[in-house]
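Heads up, the thing below is written out as structure tokens.
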Amino acid sequence: AQPGKKGQLRKFKLVLKLIANYGLIGLPNAGKSSLLNELTKAQVKTAPYPFTTLEPNLGVFNNKVIADIPGLIEGASSGKGLGIKFLKHVEKVEVLIHCVASDSEDVLADYKTVLQEIEQYNNELLSKKQIILLTKTDLIDEKKQAELIKKLSKFHKEVLPISMYNPEQFNKFKQFLSSL
């Protein structure tokens, strides 16, 4: 044995780059937290008002981690609200699942808002695999659902309708997730 030598003092900043396989993203009240609760054993707070989710929530589905990213709003990429804080979490997922509420007045504008905020924050994030979920389809009829799916299909992403109250749609989405 020999006496120790003088050590070094260093400061490091560690940045976690992956927290989940799938990230549920969208505007506030798009059904992200409800979806996480239904897919996993997570029991996160849900309410009919914006910004119920203030921190990402995680759940596990088929040994894959799903992150419920708090709602993004217009101006998030320039620091509006807690936008930058929320957008940093989008970097930490492999697949982006855009949740767009079918009861919205303009589903295209909702989708574009989130897409633009992601692009303005870090356009490299747009190269991640992405799908679009048309949520809350129990609130619209089948004709309106088909119309909204057609509109969202122009973005050349897989578009899936889903409602917590429609077992067929919900099971189809679970099968789709399992195949990713």
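Scanning residues 5 or more positions from Lys64 or on other chains, none has an amide H under 5 Å from its amide H, with H placed 1.01 Å from N in the peptide plane.
Solvent-accessible surface of the chain, averaged per residue with a 1.4 angstrom probe and all protein chains in place: 60 square angstrom.
Apolar share of the accessible surface for the chain: 50 percent from carbon plus sulfur atoms, 1.4 Å probe.
Whole-Hz Karplus values for region 98-105 come out as 6, 9, 10, 6, 5, 8, 5, 6 Hz, taken residue by residue from phi with 6.51 cos²θ - 1.76 cosθ + 1.60 and θ = phi - 60°; glycine and proline positions read x. How high is the FRET efficiency from Glu168 to Lys13, r the C-beta distance, R0 35 Å, rounded to 0.05? It comes out at approximately 0.15.
The values are calculated or read from the model by the stated rules, or taken from the named source; none is laboratory data. What you see is a predicted model; the values in this text were computed from it and never measured. Every residue, glycine as well, gets a Cβ built from its backbone with ideal geometry; the counts of neighbours run over all protein chains shown. Keep in mind that these areas ignore ligands, DNA and RNA; they rest on the heavy atoms of the full protein, side chains included. Shrake-Rupley method; radii C 1.70, N 1.55, O 1.52, S 1.80 Å.
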